[in-house]
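Structure record follows, encoded as structure tokens.
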Amino acid sequence: MTAIAPSLSSPGLLTTTVAKKVVMALTGVILTGFVLIHMVGNLLLYQGPEALNHYGEMLQSKPPLVWTARLVLLACVGLHIWAATSLTLANWSARPVGYRRTAYEASTYASRTMRWGGPLLLLFIVYHLLHFTVGSAHPDFIRGDVYHNVVIGFQNPLVAFFYVLSMVALSLHLFHGVESMLQTMGLSHPKYNALRSMIGAAYAAVVTVGNLSFPLSVYFGLVK
């Protein structure tokens with residue numbers, strides 16, 4: 001008897017746990033790459049208004065590129081949330097009765113905070129777009145003056161605190177996410193466990209330190 005492997009067009013393929021993990025990994029590659037590039041671009045804040053505003057003008061001068069990137073990122077966020085939610089619900093349904101005692105030996109603090117960190121990051125994305133892109137959540141938004149918008153925006157202590165809290169959630173999300181992404185993509189041998197953790201921690205640290213520096217530098221008057 002000849003076994004027939006399921007084709008990629010099989011209706012049930014995307015419903016499997018493995019497929020959903022692959023979707024999370026592939027969208028994770030794009031999203032983690034974006035947050036790094038976004039952070040590096042924002043470092044121009046420390047070169048002054050001219051450098052940061054010129055960077056913003058350069059991006060806005062290429063509408064097809066900007067909108068393509070936005071649509072791809074939006075699709076990735078949607079697919080990432082769908083896969084994560086589906087996997088979480090499947091995990092809950094597999095264990096309808098919780099353990100009398102929770103054992104954390106096989107998990108990290110970052111992995112255990114993914115379920116609240118994800119919704120917080122979604123809320124942050126929406127607010128961030130309204131704050132710095134649309135301007136409707138900004139007290140003194142000036143279109144095209146990115147430097148002004150950043151400095152004025154982060155002078156509000158509640159806004160600065162929310163950004164800091166969101167970046168902490170992003171740090172935990174990246175740490176566990178990058179590690180899981182590498183495992184799904186094949187780096188799953190026990191001898192690579194330490195390497196995966198190191199890569200996840202390093203990536204999360206670089207992105208988080210960079211992003212935390214923006215609200216903190218403005219709020220404490222280092223950037224005016």
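Fully extending the segment from residue 18 to residue 75 would add 18.5 nm, taking 0.36 nm per residue of separation and subtracting the current Cα-Cα distance.
Just so you know, the averaged projected area of the alpha carbon convex hull for segment 111-198 sits at 7.3 nm². Amide H contacts of residue 223 (H built 1.01 Å from N, in plane; Pro and chain starts excluded): 218 sit under 5 Å, all sequence-distant by 5 or more or on other chains. How big is the gap, in Å, between the Cα center of segment 68-94 and the Cα center of segment 33-67? After rounding, the separation between the Cα centres reads 27 Å. Straight-line cross-link reach from residue 21 at under 21 Å between alpha-carbon atoms covers no lysines, not counting any fewer than eight positions away in the same chain.
We did not get these values from a lab; they are worked out from the coordinates using the rules stated. No experiment lies behind these values; they were computed from the predicted model shown.
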